[in-house]
């Protein structure tokens, strides 16, 4: 295959993309792959193939098996099925419907001992601890290697080059063997976050300062992740082209993986999915009203405040208290509460923490309050219907042309029911700061901070907190809306991460016309500060955390939030529209050039 001195992407090359999150929603890589599909299909056509694990019982709703596809992939799949392996080929039911092959690692578990032995013999990595996930990963990697070996042979017969792009160590376990056996495939490996870096950042408040001086092997032993860390390094060193998602993570790669990335591949979105043309403001008002319905049910049982003078802030993501910046956000909220009281600012901020924590059930008081408020709503509808009928009749028959006494037009039954329902609803209890009953309530760091800071939803507090330890979906009994709708109804997303290799949540905010806060320690924040539109006028607020202590960053965040609170409604509307403009910078049609550059680097390896 040394026929080309230089080649760009063409019909004579095939791209196989391998990820643990193909048809398997676990984290951000799922969004990367899924949102990128339409752009990849446009560039590669039918020469684009995805490989993933068949380990999620929900895969049947995302995948449609089809053995009649006109692709050499089908022949390879039939061959593997003939060996007794559980392999399926078909389409991932997302925009672009890419050809997808799913492997069930459980179908080769009888060979796991041999797989582990070969890894120890050939790559000096021992997997002697029982780890069900690692077993699945190794079995999946073995199946992928066998598939690619056969697929490469078919493509070679058709004079076609093959590039295999692996995302993260969970998908990359085939790389060392592909290199060792000199399979005619050029490999690209992308680490979206180093495993060791994630552990270190959670446990070391000076992670970035200490990074150049860390011994990766001793640190991996300390966290009991030595085999995984070695596997990740083997993937990084075995790939022909090594990439990561941001300059921030590139520093980690140098010190923890021992290789400088060949290219940076920033993550994009299919912005067209979010586009609502001129409906941004209308949708914001629609979904804000639904959030207000929740707010009334949650807070107005105890006391009320002016909803027309209330702003909704939120943060969301995995529960990584320090890495996601929840600690900084809480400290800044306490300071914001003090500043708003001190300055007599006649506004209210409701801050939502939307994350995932183990819980037993939704708080009964929260559910009861919402149910009674729904009953009040029903009573009001009945009274209004009665009033409408009688008022219309009065208008038609009343010769004095005056508005009659409306109170007299309501039956005593509805007056009594209305009054009793309200009396049963009103309470002297403070509105709960958490919507669910947590299993580890006493050890939860968010709750402990709120208790220690006395930020407990007092009527005098300008900042109220709603901690929702479950992701928001359309079936959610408290909100009755999906996450995207909830985001559109809010005013500001707050994501001042300490450790965030990229960070999709701020981009998703901007794409929905919602202003967002990020930090310069996140890959996205580091990238956006080099973009001309990446400023506050376009809804992008950047918090400095690099080389800054915790308290100065918290103070800066509190001041930025105060600045947002005191801005005019007109400015916020302008920012909402401009945020959409900024989000266009992160459309795959603009960022795919970085991926293409990595693939061209890989294809050029065929000539060496």
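Mind listing just one residue for me: the one in the range 487-504 that is touching a helix residue (DSSP H, G or I) at 6+ places or on another chain (Cβ under 6 Å) and assigned to a loop (DSSP other than H, G, I, E, B) and, of those, farthest from residue 521 (Cα to Cα)?
Taking the candidates together, the pick is 504.
Which residue is farthest from residue 188 (Cα to Cα), if the candidates are limited to the range 219-249 and must be surrounded by fewer than 20 Cβ atoms within 10 Å (Cβ to Cβ) and free of Cβ contacts under 8 Å to residues at least 60 places away in the same chain?
Result: 222.
Here are 523, 539, 513: which of them is under 30 Å from residue 199 (Cα atoms) and crowded, with 24+ Cβ neighbours inside 10 Å?
Working: 539 fails: under 30 Å from residue 199 (Cα atoms); 513 fails: under 30 Å from residue 199 (Cα atoms).
Every option except 523 fails the conditions.
Looking only at the range 466-486, filter to residues that are touching a helix residue (DSSP H, G or I) at 6+ places or on another chain (Cβ under 6 Å) and not in a loop (DSSP other than H, G, I, E, B); which one of those is surrounded by the most Cβ atoms within 10 Å (Cβ to Cβ)?
The extreme case among them is 467.
Kindly check whether there is at least one residue in the range 274-296 that is more than 26 Å from the chain's Cα centre (by Cα) and either more than 15 Å from residue 169 (Cβ to Cβ) or surrounded by 15 or more Cβ atoms within 10 Å (Cβ to Cβ) (or both).
As a first pass, look at the range 274-296 and keep what is more than 26 Å from the chain's Cα centre (by Cα): 296.
Checking the rest, the ones that are also either more than 15 Å from residue 169 (Cβ to Cβ) or surrounded by 15 or more Cβ atoms within 10 Å (Cβ to Cβ) (or both) come to 296.
Yes, the range 274-296 contains a residue that is more than 26 Å from the chain's Cα centre (by Cα) and either more than 15 Å from residue 169 (Cβ to Cβ) or surrounded by 15 or more Cβ atoms within 10 Å (Cβ to Cβ) (or both).
Residues of the range 422-438 being buried (at least 17 other Cβ atoms within 10 Å of the Cβ) and part of a helix (DSSP H, G or I), which ones? Reasoning before the result, please.
Just the residues of the range 422-438 that are buried (at least 17 other Cβ atoms within 10 Å of the Cβ), to begin with: 425, 431-436, 438.
425 - this is the single residue of the range 422-438 that is buried (at least 17 other Cβ atoms within 10 Å of the Cβ) and part of a helix (DSSP H, G or I).
Looking at the range 505-530, which of the residues that are over 24 Å from residue 281 (Cβ atoms) and in a loop (DSSP other than H, G, I, E, B) is farthest from the chain's Cα centre (by Cα)? Break it down into steps so the answer makes sense when it comes.
In the first step, residues of the range 505-530 are kept if they are over 24 Å from residue 281 (Cβ atoms); the result is 519-527, 529-530.
When the remaining residues are screened for being in a loop (DSSP other than H, G, I, E, B), the result is 520-521, 529-530.
Values: 520: 18, 521: 17, 529: 21, 530: 23 Å.
Selected residue: 530.
Can you tell me which of (1) surrounded by 17 or more Cβ atoms within 10 Å (Cβ to Cβ); (2) under 22 Å from the mean Cα position of the chain (by Cα) is the one residue 216 doesn't meet?
Among (1) surrounded by 17 or more Cβ atoms within 10 Å (Cβ to Cβ); (2) under 22 Å from the mean Cα position of the chain (by Cα), the lone unmet condition for residue 216 is (2).
I'd like to check something: does the range 98-106 contain any residue that is modelled with pLDDT of 95 or more and part of a helix (DSSP H, G or I)?
yes
In the same structural domain as residue 149 (by TED's automatic domain parsing), in contact with a helix residue (DSSP H, G or I) (Cβ under 6 Å, 6 or more places away or on another chain) and without any contact (Cβ under 8 Å) to a residue 60 or more places away in the chain - does that describe any residue in the range 80-87?
Here is the first cut: in the range 80-87, the ones in the same structural domain as residue 149 (by TED's automatic domain parsing) are 80-87.
Subsequent filtering for residues that are in contact with a helix residue (DSSP H, G or I) (Cβ under 6 Å, 6 or more places away or on another chain) retains 85-87.
When the remaining residues are screened for being without any contact (Cβ under 8 Å) to a residue 60 or more places away in the chain, the result is 85-86.
Yes, the conditions are met somewhere in the range 80-87.
Select from the range 533-583 the residues that are within 12 Å of residue 517 (Cα to Cα), modelled with pLDDT under 95 and out of contact with any helix residue (DSSP H, G or I) (no Cβ under 7 Å at 6 or more places or on another chain) and list them in ascending order.
Result: 535, 536.
Residues in the range 385-421 that are exposed (fewer than 12 other Cβ atoms within 10 Å of the Cβ) and under 45 Å from the mean Cα position of the chain (by Cα): how many?
So the answer is 3.
Within the range 535-608, considering only helices (runs of 4 or more DSSP H) that don't extend past its boundaries, which have at least 2 residues that are closer than 24 Å to residue 521 by Cβ and more than 22 Å from the chain's Cα centre (by Cα)? Show your work before the answer.
Values: elements: 550-566, 569-583, 588-604.
Those helices (runs of 4 or more DSSP H) span 550-566.
Take the residues in the range 439-456 that are in contact (Cβ under 8 Å) with a residue 40 or more places away in the chain and either within 24 Å of residue 367 (Cβ to Cβ) or touching a strand residue (DSSP E or B) at 6+ places or on another chain (Cβ under 6 Å) (or both); name whichever of them is surrounded by the fewest Cβ atoms within 10 Å (Cβ to Cβ). I'd like the intermediate steps shown before the answer.
As a first pass, look at the range 439-456 and keep what is in contact (Cβ under 8 Å) with a residue 40 or more places away in the chain: 439-440, 444-446, 449-450, 453, 455.
Still in the list and also either within 24 Å of residue 367 (Cβ to Cβ) or touching a strand residue (DSSP E or B) at 6+ places or on another chain (Cβ under 6 Å) (or both): 439-440, 444, 446, 450, 455.
Working: 439: 12, 440: 10, 444: 20, 446: 22, 450: 21, 455: 19.
Filtering the range 439-456 for residues that are in contact (Cβ under 8 Å) with a residue 40 or more places away in the chain and either within 24 Å of residue 367 (Cβ to Cβ) or touching a strand residue (DSSP E or B) at 6+ places or on another chain (Cβ under 6 Å) (or both), the one surrounded by the fewest Cβ atoms within 10 Å (Cβ to Cβ) comes out as 440.
Within the range 59-74, can you find the residues that are surrounded by fewer than 17 Cβ atoms within 10 Å (Cβ to Cβ), out of contact with any helix residue (DSSP H, G or I) (no Cβ under 7 Å at 6 or more places or on another chain) and not in a strand (DSSP E or B)?
60, 61, 66, 68, 69, 70
Here's a check for you: in the range 86-111, which residue that is surrounded by fewer than 18 Cβ atoms within 10 Å (Cβ to Cβ) and over 31 Å from the mean Cα position of the chain (by Cα) is nearest to residue 588 (Cα to Cα)?
109
The values are calculated or read from the model by the stated rules, or taken from the named source; none is laboratory data. Note that this is a predicted model, so its numbers are computed, not measured. Quick reminder, even Gly has a Cβ in these numbers, built from the backbone with ideal geometry, and neighbours come from all protein chains shown.
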